[in-house]
1. Which of (1) at pLDDT below 90; (2) in the same structural domain as residue 280 (by TED's automatic domain parsing) does residue 222 not meet, given it meets every other one?
2. Can we say residue 227 is in contact with a strand residue (DSSP E or B) (Cβ under 9 Å, 6 or more places away or on another chain), surrounded by 17 or more Cβ atoms within 10 Å (Cβ to Cβ) and under 30 Å from residue 139 (Cβ atoms)?
3. Note down all Cβ pairs under 6 Å where the first residue falls in region 167-178 and is assigned by TED's automatic domain parsing to the domain that holds residue 149, the second is part of a loop (DSSP other than H, G, I, E, B) and buried (at least 16 other Cβ atoms within 10 Å of the Cβ), and they're at least six residues apart or on different chains.
4. Run residue 199 past the list (1) surrounded by fewer than 18 Cβ atoms within 10 Å (Cβ to Cβ); (2) free of Cβ contacts under 8 Å to residues at least 40 places away in the same chain; (3) under 16 Å from residue 275 (Cβ atoms) and report the number of the one that doesn't hold.
5. Which residue, of 248, 268, is out of contact with any strand residue (DSSP E or B) (no Cβ under 8 Å at 6 or more places or on another chain) and surrounded by 18 or more Cβ atoms within 10 Å (Cβ to Cβ)?
6. Being touching a helix residue (DSSP H, G or I) at 6+ places or on another chain (Cβ under 8 Å), outside any loop (DSSP other than H, G, I, E, B) and modelled with pLDDT of 95 or more is the requirement here; does residue 100 meet it?
7. Could you pull out the residue among 84, 140 that is at pLDDT 95 or above and more than 25 Å from residue 205 (Cα to Cα)?
8. Do you know which residues across region 141-156 are under 20 Å from the mean Cα position of the chain (by Cα), crowded, with 20+ Cβ neighbours inside 10 Å and free of Cβ contacts under 8 Å to residues at least 40 places away in the same chain?
């Protein structure tokens with residue numbers, strides 16, 4: 001079975017998806033005559049103009065506006081109907097991407113995923129439809145903000161993206177279509193070179209992700225933080241977990257973001273109680289992760305109070 005590359009374009013209505021797809025299909029570097037299925041899942045003001053495509057006889061446009069009709073069986077039928085060698089998808093911004101991923105035919109392989117957003121409406125969407133916004137940001141390889149006013153504070157857009165996706169490239173396109181890559185350096189809100197790295201309650205989410213992604217930066221350094229303890233049967237000897245509930249998007253995705261902690265007397269720890277801990281970071285395998293990862297070697301622990309915001313977030 002031959003893999004069929006899928007180029008996925010997401011974002012809300014009138015964010016610039018159709019315009020970009022038009023430019024892609026008009027580019028002979030992309031549209032070289034291979035059989036391309038274009039699947040459009042919403043209708044906006046802009047329409048594709050096949051007369052401007054680099055090659056048009058090989059491009060087959062299908063529109064599916066009812067999500068219930070978007071099934072794996074339909075995608076299989078369209079693939080076979082057009083003998084598609086490549087697929088371009090303009091996905092409906094009001095549909096969850098996870099639903100689409102669940103119906104992908106086995107030979108459909110995501111080759112690129114780009115999210116588009118109108119900067120003048122993005123903050124409003126994020127405030128009122130956070131789950132839908134996060135769902136698109138989370139897996140995108142590139143986020144393109146269109147119609148960015150010169151006076152707009154890009155940092156606000158940057159922070160929202162980085163709260164959902166730390167790897168994606170960010171592009172800002174102004175009212176004239178001039179594009180610039182995001183070059184904002186994400187400063188950590190704590191000093192990783194301090195004798196003791198103090199983690200404030202509001203910074204736990206960033207600390208946890210950075211520690212997991214850049215463990216070697218923290219090895220043999222001392223950290224101090226306020227955490228909830230979890231001590232349960234079946235944990236490795238002299239080990240318990242510390243951490244906080246973490247919410248990336250919405251209440252439904254809250255989960256415990258825990259760290260393995262070594263202590264000679266874990267039986268003294270009350271599970272689900274809050275503690276102020278100070279510990280040295282090492283890296284080793286632990287069954288709590290099922291792989292090698294950061295482990296805190298406890299040097300001090302004392303009871304503390306629950307933070308005002310017990311659930312950690314990125315925003």
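1. Going through the list (1) at pLDDT below 90; (2) in the same structural domain as residue 280 (by TED's automatic domain parsing), residue 222 breaks only (1).
2. Details: in contact with a strand residue (DSSP E or B) (Cβ under 9 Å, 6 or more places away or on another chain): yes; surrounded by 17 or more Cβ atoms within 10 Å (Cβ to Cβ): yes; under 30 Å from residue 139 (Cβ atoms): yes.
When the stated conditions are applied, residue 227 passes them.
3. 168/140; 170/182
4. Every listed condition holds for residue 199 apart from (1).
5. Numbers: 268 fails: surrounded by 18 or more Cβ atoms within 10 Å (Cβ to Cβ).
Result of the check over 248, 268: 248.
6. Values: touching a helix residue (DSSP H, G or I) at 6+ places or on another chain (Cβ under 8 Å): no; outside any loop (DSSP other than H, G, I, E, B): yes; modelled with pLDDT of 95 or more: yes.
So residue 100 does not fit the description; no.
7. Numbers: 140 fails: more than 25 Å from residue 205 (Cα to Cα).
Criteria check complete, one pass: 84.
8. Initial filter on region 141-156 (under 20 Å from the mean Cα position of the chain (by Cα)): 141-146, 154-156.
Okay, now just the ones that are also crowded, with 20+ Cβ neighbours inside 10 Å, so 143-146.
Once the filter is applied, which keeps residues that are under 20 Å from the mean Cα position of the chain (by Cα), crowded, with 20+ Cβ neighbours inside 10 Å and free of Cβ contacts under 8 Å to residues at least 40 places away in the same chain, region 141-156 yields 143, 145.
The values are calculated or read from the model by the stated rules, or taken from the named source; none is laboratory data. Nothing here was measured: the structure is a model prediction, and the numbers come from that model. Cβ sites come from the backbone with ideal geometry, for glycine too, and all protein chains shown count toward neighbours.
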